[in-house]
Ligand SMILES: *Cc1c(COP(=O)(O)O)cnc(C)c1O
């Protein structure tokens, strides 16, 4: 009997070793990894340069404490500021913690403005984490059910709907911020319209709200820019990162710009492990590899290739609703729940995920090659078509509908 608490519906496989985009299970079977640990291992498994940096750092210093100066943390903050245009960084260990920091920052900001019960606008189908505050910000009853009472101070609106945000602005004087994923990850790779971010920026500016972007999944090169917001001219006030930042060494970050960057004072927030030397060395090496190896350009090219190839292979099938995404953040939405496809792909030696029940999600490492991309399509497209034909078979009437 397992003594691990039963919080995950795990697939019946365990991995022992990885190299690039490949993983080997405990029985020696090889798998192509088109999920990268859910957008974590962007530079792939066992990257030689990252491994060398980590080995060296482990031999020097793993942890000291935020009671003292941490040079690597200063270096990483400097680097993150340079690539994002943000001004200051708080380091933590995960995505939910990064969002906790953002939520605290927004509330602190509100209190400084004399708002006693500050509220944050959040989106339907959003995912911000599993702590009590971040599950309250999350737009999924499944994530929240059983954990009430939820944390107060969140106002929910439909995603990609500027009028809904404007209506909140007219009626709610307590709002201090908007928290949003530009591409909703867990919610189903939902992409917003091109003018959504500019519209949100305008509303936030008009009302003195902080624009806070959760780039925990979309950040660190995944969409073909360091951060998804950089496909536009808009800059956020706050941005959260985690997943891809340390390539698997746990690290999260909450970045702030302008006035928001100077709000927290000693004692406002903290973390024992946050920004320790090992995690910061991992993140610095990960960022260096992504830049030096041109992995953002590769993410754009492989993403375009994958979407085009899937469109070509699945075109005209009524069971396929939409193929969407940006860079290597890709969703294939089917007309029905398709969780079974995950196991079928696993049997075929391919790691993919299904989110929001109907969306096959691909988050391959940024090092993915054309051959690997082709292999994903050659493996997955027939499985999807077969799945759809078997689903449609018992209901012949539905086929003509
Ligand atoms: C994964 C994720 C989180 C939560 O990150 P954890 O490290 O699991 O706490 C938050 N926001 C988004 C957008 C995510 O994809």
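Quick note: the coordinates plus some simple rules give every number you see, no bench work behind them. Quick caveat: nothing in here was measured; it's all calculated off a predicted structure. Note that we place each Cβ from the backbone using ideal geometry, even for glycine, and neighbour counts take in every protein chain shown.
Sort 238-249, 305-316 by the packing proxy (mean of other Cβ within 10 Å over each peptide's residues), most packed first.
Highest to lowest by the protection proxy: 238-249, 305-316.
I need the per residue convex hull volume for region 233-298, using only the alpha carbons, in cubic angstrom as a whole number.
Looking at region 233-298, the number lands at 113 Å³ per residue.
Among rounded, prolate and oblate, which fits region 155-216 when a ≥ b ≥ c are the square roots of the eigenvalues of its C-alpha gyration tensor, a/c under 1.5 means rounded, and a/b larger than b/c means prolate?
Prolate shape, in that a/c is at least 1.5 and a/b is the bigger ratio.
Given the peptides 371-377, 265-271, arrange them by the average over their residues of other C-beta atoms within 10 Å, most packed first.
371-377, 265-271
Taking springs between alpha-carbon atoms closer than 10 angstrom, which of 140, 65, 218 fluctuates most in the Gaussian network model of the chain?
For the chain, modelled as a Gaussian network with Cα springs under 10 Å, the answer is 65.
Of all DSSP beta bridges in the chain, what percent run antiparallel (nearest 5)? Don't skip to the answer; put the middle values down first.
Numbers: 32 of 48 bridges.
Around 65 percent antiparallel, to the nearest 5.
Where Rh is the Kirkwood radius over the Cα pairs of region 45-87, the temperature 20 °C and the viscosity 1.002 mPa s, what D in µm²/s does Stokes-Einstein return?
For these conditions, the coefficient is 175 µm²/s.
D for region 83-199, whole µm²/s, Stokes-Einstein with Kirkwood Rh over alpha-carbon pairs at 10 °C and 1.306 mPa s: what number?
So the translational diffusion coefficient is about 106 µm²/s.
For region 83-126, list log₁₀ I(q)/I(0) at each q in 0.14, 0.25 Å⁻¹, using the Debye formula over Cα point scatterers of equal strength and ignoring solvent, two decimals each.
Relative scattering, expressed as log10 I(q)/I(0), comes to -0.45, -1.01.
Using a Gaussian network model of the chain with C-alpha springs under 10 Å, which one of 237, 214, 347 is most mobile by mean-square fluctuation?
The residue that fluctuates most here is 347.
Checking the a/c ratio against 1.5 first, then a/b against b/c, what shape does the Cα gyration tensor give for region 178-292?
oblate
Taking neighbour counts of Cβ atoms within 10 Å as a proxy for exposure, in what order, fewest first, do 78, 111, 207 appear?
Fewest to most other Cβ atoms nearby, the residues stand as 78, 111, 207.
Would you list 215, 186, 16 from fewest to most Cβ contacts within 10 Å?
Fewest to most other Cβ atoms nearby, the residues stand as 16, 186, 215.
Project the alpha carbons of region 188-246 onto their principal axes and report the range along each, largest first, in whole Å.
36, 22, 21
With just the Cα atoms defining each centre, how far is region 197-217 from region 281-325? Give it in Å.
So the two Cα centres are separated by 26 Å.
Taking the highest mean first, how do the peptides 330-341, 19-30 order by number of other beta carbon atoms within 10 angstrom per residue?
Highest to lowest by the protection proxy: 330-341, 19-30.
Can you pull a Stokes-Einstein diffusion coefficient for the chain at 37 °C (0.692 mPa s), Rh from Kirkwood over Cα pairs, as a whole number of µm²/s?
Answer from the Stokes-Einstein relation: 149 µm²/s.
Need one word for region 1-138: rounded, prolate or oblate. Basis is the Cα gyration tensor (sqrt eigenvalues a ≥ b ≥ c); a/c below 1.5 gives rounded, then a/b vs b/c decides.
Here region 1-138 falls in the oblate category.
Could you work out which residue, out of 252, 129, 224, moves most in a Gaussian network model of the chain, that is, has the largest mean-square fluctuation with Cα springs under 10 Å?
Judging by the Gaussian network model, the answer is 129.
In bins 5 Å wide, starting from 0, what share of all Cα pairs of region 252-401 does each bin hold, as a percent?
For region 252-401, the pair-distance distribution reads 2, 8, 14, 16, 14, 11, 10, 9, 7, 5, 3, 2, 0, 0.
Given the DSSP H assignment, sum -39500 (n - 2.57) over each helix run of at least 4 residues in the chain and divide by its residue total; what's the result at 222 nm in deg cm²/dmol, nearest 500?
When only DSSP H runs of four or more count, the value is -12000 deg cm²/dmol.
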